[in-house]
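One structure is given below, encoded as structure tokens.
The values are calculated or read from the model by the stated rules, or taken from the named source; none is laboratory data. Given the structure is predicted, the values throughout are model-derived calculations rather than measurements. We place every Cβ from the backbone using ideal geometry, glycine too, and count neighbours over all the protein chains shown.
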Amino acid sequence: MKRSEIFSKLNSFINACNYKVCSFAYNLPNGDPLVCQMGFTFQDNKFILHTNTWTQKWNALLDNHNVAIAIGFIHLEDYVQVQGYVTKIKTSESKFVQLEQVYFLEHPDAINYKHGDQEGIIIITPTRIRFANVTGHSVKFSDFDL
């Protein structure tokens, strides 16, 4: 499958199931794994997430830029796993305002959690995508390295 077809399939999956939240997995500086739920927006083949720069996740991503997210798994049907690397955008960077606006268009209630200059945008660029279909007792995986 071509790269453009992979991202088209991912975009269709996100739009069809209307998911706006993912499980966001990363490692703490001591190597311990951690996962949290985060809202996301998908645009230009990248995931946009909003957080605060004083959070554990933001600080954990200072040295390790590799993360994984999972989307879906409602009623044991389809879900997607994505591995990728993170680019962090602070409020002082010129593209922050545009990315924040894109994020808040899909997550208007998240505006209540803004903390001024202590905000950050996390952009995940996928390096591997796994589409999974779980029906009955069988699991079908489709893996794509990007």
Considering residues of the stretch 1-32 that are among the polar types (S, T, N, Q) and farther than 14 Å from Val86 by Cα only, the residue surrounded by the most Cβ atoms within 10 Å (Cβ to Cβ)
Ser23
Counting just the residues of the stretch 94-146 that are of a type in the set (Gly, Ala, Ser) and not in a strand (DSSP E or B), which one comes out farthest from Thr51 (Cα to Cα)?
Gly136
Subset of the stretch 1-40, residues modelled with pLDDT of 90 or more and small (Gly, Ala, Ser), comes to Ser4, Ser8, Ser12, Ser23, Ala25, Gly31, Gly39
Number of the condition not met by Thr91 [criteria: (1) touching a helix residue (DSSP H, G or I) at 6+ places or on another chain (Cβ under 6 Å); (2) on the phi < 0 side of the Ramachandran plot; (3) modelled with pLDDT of 90 or more]
(3)
I need a count of the residues in the stretch 111-146 that are over 15 Å from Val82 (Cα atoms), of a type outside the set (S, T, N, Q) and exposed (fewer than 14 other Cβ atoms within 10 Å of the Cβ).
10
Filter result for Cys22 (of a type outside the set (A, V, I, L, M) and under 9 Å from the mean Cα position of the chain (by Cα)):
yes
Specify the residue that is farthest from the chain's Cα centre (by Cα); the eligible residues are those in the stretch 87-131 that are touching a residue at least 60 places away in the same chain (Cβ under 8 Å) and closer than 18 Å to Ala68 by Cβ.
Phe131
Please tell me if Gly84 is within 23 Å of Leu34 (Cα to Cα), at pLDDT below 95 and within 17 Å of the chain's Cα centre (by Cα).
no
